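Heads up, the thing below is written out as structure tokens.
The values are calculated or read from the model by the stated rules, or taken from the named source; none is laboratory data. This is a predicted model, so every value here is computed, not measured. Note that we place each Cβ from the backbone using ideal geometry, even for glycine, and neighbour counts take in every protein chain shown.
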Amino acid sequence: MPLEPVSQGLLQQLAEERQPPISEQTPALARMAGPIFSGMSGRGPDVAEVRDLKLEGTDGGRFRVRVLVPEGEPEAVIVYFHGGGWVLGDIDLQYDHVGRDLANRTRSTVVLVNYRKAPEHRFPTAIEDSYIGLCWAAEHAAEFSRPDAPLVVAGDSAGGNIAAVMTLWARDRQGPRIAFQALIYPVTDCDVDTASYLAPENQLMLDRDTMIWFWDHYLPDVSARNHPDASPLRAPDHAGLPPALVYVCEFDPLHDEGVAYARALENAGVPVILDEADGQMHIYFQMAGILPGYQTGMALVAEHIRAAVDRHAHGRQDPTSAQRRETTDA
């Protein structure tokens with residue numbers, strides 16, 4: 001189907017304003033768009049409790065996490081890693097809205113990890129900070145959730161990349177135990193020459209040049225990008241990872257690597273649900289109040305997380321009983 005009309009209108013508005021593409025900006029200039037879009041999204045829904053704290057990274061530097069607790073007894077703990085190409089994004093802006101919405105819809109505590117960004121903090125700082133945040137959430141889960149609440153990781157774009165890497169680290173480091181992973185149009189590979197990367201119709205708010213710009217700031221050593229800590233699709237073994245939702249979107253350079261990751265999980269025996277946001281472009285999941293795809297996408301992700309939490313409560317692992325609509329391979 002064609003790109004949905006509101007997204008088309010947003011792209012037209014940006015074109016008329018003649019803003020240079022991200023790939024032609026400095027990180028500092030590109031970050032200035034965050035407050036603008038956050039203002040358009042508006043404040044997220046109320047939650048019962050908000051906690052802000054700082055954790056220490058492996059290098060002694062500090063980063064923030066935000067704990068969003070819904071009304072009632074939370075049924076799970078979701079550790080959410082935000083998108084932005086490892087360079088942009090912040091838990092104070094649109095992702096505070098995303099976190100609040102996700103907490104209320106899933107009846108779960110959401111922990112937002114404000115991992116440090118490139119180029120000031122290049123790979124592997126983002127994943128090291130994120131693992132520390134994940135372990136902290138697991139260790140303190142009883143403080144803001146019901147006893148034995150399952151642990152879920154989730155993220156979009158670069159945050160989906162981090163969430164996927166976290167499942168590999170948790171498996172290989174014997175913890176923490178993750179019950180489910182929700183990967184929203186994730187970066188899973190460093191190959192920028194796939195069909196979806198090269199498709200003209202996918203060169204929208206995120207295009208091939210911008211992804212190269214992100215990679216160059218995050219991990220300048222091109223050969224090092226093949227490591228599974230950067231490209232989880234290239235992990236030698238995906239067996240033993242938690243059940244997954246991989247949610248790709250139709251107009252996205254990252255579409256094909258998302259599908260490929262779902263296939264890799266499935267081939268390794270991991271229960272996986274692969275779904276596609278028809279008519280949507282990359283970035284819609286953070287566009288609360290701006291793009292209509294946000295509401296549809298958030299509802300779908302929340303539904304699958306609630307179903308996973310229910311399966312966990314009843315001792316079931318296989319998500320195939322949930323509604324499943326696979327995309328076709330590009």
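A few points about this structure:
- Residue within region 296-317 that is crowded, with 17+ Cβ neighbours inside 10 Å, at pLDDT 95 or above, assigned to a strand (DSSP E or B) and within 16 Å of the chain's Cα centre (by Cα) present: no
- Residues considered: LEU198, LEU254, LEU241, LEU206. Of these, the only one that is over 16 Å from the mean Cα position of the chain (by Cα) and buried (at least 18 other Cβ atoms within 10 Å of the Cβ) is LEU241.
- Screening region 177-195 for residues that are of a type in the set (S, T, N, Q) and crowded, with 20+ Cβ neighbours inside 10 Å and picking the one that is farthest from ILE132 (Cα to Cα) gives THR188.
- Residue-level check: of (1) more than 17 Å from ASP52 (Cβ to Cβ); (2) part of a helix (DSSP H, G or I), ARG122 misses just (2).
- First in region 156-184 and closer than 16 Å to LEU265 by Cα, second anywhere and of a type in the set (S, T, N, Q) and part of a strand (DSSP E or B), Cβ under 6 Å, 6 or more apart: ALA163/GLN181; THR167/GLN181
- Of the listed requirements (1) in contact with an Asp or Glu (Cβ under 9 Å, 6 or more places away or on another chain); (2) farther than 20 Å from ALA170 by Cα; (3) of a type in the set (D, E, K, R), ARG234 misses just one: (2).
- Failed criterion for LEU265 (all others in (1) in contact (Cβ under 8 Å) with a residue 40 or more places away in the chain; (2) crowded, with 21+ Cβ neighbours inside 10 Å; (3) part of a helix (DSSP H, G or I) hold): (1)
- Those residues of region 45-77 which are free of Cβ contacts under 8 Å to residues at least 24 places away in the same chain, under 21 Å from HIS97 (Cβ atoms) and touching a Lys or Arg at 6+ places or on another chain (Cβ under 6 Å), in sequence order: ASP52
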